[in-house]
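The values are calculated or read from the model by the stated rules, or taken from the named source; none is laboratory data. Everything quoted here is computed from the prediction, not taken from an experiment. Cβ sites come from the backbone with ideal geometry, for glycine too, and all protein chains shown count toward neighbours. Surface areas here come from the heavy atoms of the whole protein model, side chains and all, with no ligands, DNA or RNA. Shrake-Rupley method; radii C 1.70, N 1.55, O 1.52, S 1.80 Å.
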Amino acid sequence: MHITQLDRECLLHLFSFLDKDSRKSLSQTCHDLMAIYQEPSLWLLLNFSSPSELTKKNYILGPALKHLSICWYSSRVKICNIEDWGKSALQKSMCNQHQHIVSDFLLRVCVRCPNLRSLTLSGCAHVTDDNLIKILSSCPQLQSLQLENCSGMTDQTLAAVPSLATCLRTLHVNFCRNVTQDGLRRLQESCPKLAIQAVRSANMIADRIPEANLFLQRTPRKLILR
């Protein structure tokens, strides 16, 4: 029995067990399998372990996408999160190779994936407030935004959450050193039901507006301000 003799549901089930590269390779064998590869329901979830994977043409971006994760764990993460003035010429050259990869990808997500429910970015130092604000405005159903070690994010993104992310229930900004205690406090006051986690973030740099009576107590579920 040839694989193409299986019914559509069986083929979709088979494809669901394959990684992105294997799906792409199998789809190139015939038109019937290419049609299965392009089925939107197959692409509800996308996980990427490095920005370089974003440049491959082994996935489908579309309205069916609900969950997206880009987590980069390597020695280059440390280089990318160094301020530009502190980088050597070699380090700047390494960063320039992938500076726009994630940003350009997120712009495509804004256009093609309006039903996104959760977004996780870890180690994506070059993601800016503009990128994140466009995501918030283009994906109104977003419920979970988890950011880690995204040094390009500032209080500007936090300020946009109350008006743009009305469905957001969880916000993690762990190790995002350019957000401040003041920005976190204002967000919590505007969105008291929003579960915020900010491990080390506001304490990695000096507050822009010192507040002697502000105390942050962090729990795994919610940032408590008092």
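Compare the peptides 33-42, 115-124 by average per-residue count of other Cβ atoms within 10 angstrom and give them in order, highest first.
So the peptides 33-42, 115-124, ranked by packing, come out 115-124, 33-42.
Distance cut-off 20 Å, Cα to Cα: go down the list K56/K134; K20/K66; K24/K56; K66/K193 and report the pairs above it.
K56/K134; K66/K193, as the Cα separations exceed 20 Å there.
Can you pull the Kirkwood radius for segment 129-203, inverse mean 1/r over Cα pairs, to one decimal in Å?
After inverting the mean inverse Cα-Cα distance, the result is 12.0 Å.
Provide I196, I133 ordered by accessible surface of protein heavy atoms (probe 1.4 Å), highest first.
Largest to smallest exposure gives the sequence I133, I196.
Under 8 Å for C-alpha pairs, at least 6 residues apart: give me the relative contact order for segment 1-67, rounded to a whole percent.
Relative contact order comes out at 31 percent.
Ignoring ligands and nucleic acids, what accessible area does E9 show with a 1.4 Å probe (Å², nearest 10)?
Rounded to the nearest 10, that gives 130 Å².
Please list, in chain and number order, the residues 5+ apart from Y59 or on another chain whose amide H is under 5 Å from its amide H, with Hs placed from the backbone.
Distant-sequence amide H within range of Y59: zero hits.
Alpha carbon centre of segment 146-206 versus segment 41-55: separation in Å?
About 25 Å separates the Cα centre of segment 146-206 from the one of segment 41-55.
Express in Å², to the nearest 10, the accessible area of H100 obtained by rolling a 1.4 Å probe over the protein heavy atoms while all chains stay in place.
Here the residue's solvent-accessible area equals roughly 110 Å².
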